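Enquirer: One structure, as structure tokens, below. Some questions next.
The values are calculated or read from the model by the stated rules, or taken from the named source; none is laboratory data. No experiment lies behind these values; they were computed from the predicted model shown. Positions of Cβ are backbone-derived with ideal geometry, glycine not excepted, and every protein chain shown enters the neighbour counts. Ligands, DNA and RNA are excluded from the accessible area calculation, which covers all protein heavy atoms including side chains. Shrake-Rupley method; radii C 1.70, N 1.55, O 1.52, S 1.80 Å.
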Amino acid sequence: MADLLNVKNLGVSVEDKEILHGVDLTVNKGETHVLMGPNGAGKSTLGNALMGNPLYHITKGQILFNGTDITAEPTDKRARLGMFLSFQNPLEVPGITLGNFIRSALQQRTGEHIRLWDFKKEMKKAMEILNMDPSYADRDLNVGFSGGEKKKAEILQLLMLKPSLAILDETDSGLDVDAVRTVSQGVEAYQKSMDGALIIITHSTRILEALKVDKTHVLVNGNMKAEGDASLVDRINNEGFESFLK
């Protein structure tokens with residue numbers, strides 16, 4: 001399998017404070033990677049740096065995506081190349097509906113005009129997977145949405161945009177058991193629909209139950225402390241992160 005994402009010796013600082021200290025990560029097409037670690041380990045920092053958030057300054061290293069150096073590229077170019085980041089706390093955007101937002105993003109992603117009828121048909125199918133009321137398509141993006149509804153809207157974007165690499169940052173945080181199950185169904189549908197890759201940043205393992213996990217990474221104090229297969233998730237569930245803090 002060809003490398004989809006290749007991160008080499010990545011250092012990242014926020015407001016002059018170094019958070020990541022030389023992180024290496026390789027993700028192949030079609031793989032699902034899980035990134036775990038205690039609070040403050042740098043997991044969200046890594047996700048934001050990969051997506052090009054300008055608040056996260058890359059101090060060293062390199063990010064290659066599909067063989068192209070994107071270390072200095074802006075977020076919008078990374079999105080057009082096929083990268084996607086879901087947020088822990090999705091923003092409310094008054095004045096633009098969820099449907100129009102996704103359609104605009106999809107046209108930017110593909111560079112093609114998308115017929116409204118075809119778009120609505122495709123989105124209806126995606127919303128059914130997530131048990132979303134179709135009326136949400138006509139509501140302002142995340143405005144008045146519950147926490148679970150916001151997370152479903154994020155996964156709806158994932159299903160519609162079909163990125164090559166999706167980074168899901170604490171998508172299951174704050175959700176009840178039923179909402180986690182529904183969101184997991186959406187992630188599983190993405191995983192099965194194409195040869196894309198996933199990086200799932202999480203404290204909990206509930207969202208992983210329906211997914212095939214290829215590799216697990218443990219990040220502690222801005223350093224990769226351990227890597228392994230899905231069995232590493234079970235070890236963390238049983239022992240916590242204490243053994244990685246030494």
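Enquirer: When the residues of segment 134-148 are filtered to those that are in contact with a helix residue (DSSP H, G or I) (Cβ under 7 Å, 6 or more places away or on another chain) and in contact (Cβ under 8 Å) with a residue 40 or more places away in the chain, which remaining residue is surrounded by the fewest Cβ atoms within 10 Å (Cβ to Cβ)?
Expert: Among those that are in contact with a helix residue (DSSP H, G or I) (Cβ under 7 Å, 6 or more places away or on another chain) and in contact (Cβ under 8 Å) with a residue 40 or more places away in the chain, it is D138.
Enquirer: Oh, and also: For segment 123-133, check the following and say yes or no: at least one residue is in a loop (DSSP other than H, G, I, E, B), open to solvent by less than 30 Å² (accessible area, probe 1.4 Å) and charged (D, E, K, R).
Expert: For segment 123-133, residues in a loop (DSSP other than H, G, I, E, B), open to solvent by less than 30 Å² (accessible area, probe 1.4 Å) and charged (D, E, K, R): absent.
Enquirer: I've got another one for you. Look at segment 76-96 and say how many of its residues are part of a helix (DSSP H, G or I) and open to solvent by less than 50 Å² (accessible area, probe 1.4 Å).
Expert: So the answer is 2.
Enquirer: Okay, moving on. Can you say whether S13 is touching a residue at least 12 places away in the same chain (Cβ under 8 Å), out of contact with any Lys or Arg (no Cβ under 8 Å at 6 or more places or on another chain), over 22 Å from S86 (Cβ atoms) and open to solvent by less than 40 Å² (accessible area, probe 1.4 Å), as far as the supplied structure shows?
Expert: yes
Enquirer: Something else now. Considering segment 119-158 alone, what residues qualify as being under 19 Å from E92 (Cα atoms) and aliphatic (A, V, I, L, M)?
Expert: M132, A137, L141, V143, A153, I155, L156, L158
Enquirer: Run down I102, I63 and say which single residue is at pLDDT 95 or above, under 17 Å from the mean Cα position of the chain (by Cα) and farther than 30 Å from L20 by Cα.
Expert: Of I102, I63, the one residue that is at pLDDT 95 or above, under 17 Å from the mean Cα position of the chain (by Cα) and farther than 30 Å from L20 by Cα is I102.
Enquirer: Also, quick follow-up: Please give the strands (runs of 3 or more DSSP E) falling wholly within segment 149-246 in which 1 or more residues are open to solvent by less than 10 Å² (accessible area, probe 1.4 Å) and at pLDDT below 95.
Expert: 165-169, 197-201, 215-220
Enquirer: So which residues in segment 31-75 are small (G, A, S), surrounded by 15 or more Cβ atoms within 10 Å (Cβ to Cβ) and touching a residue at least 40 places away in the same chain (Cβ under 8 Å)?
Expert: G37, A41, G42, S44, G47, G61
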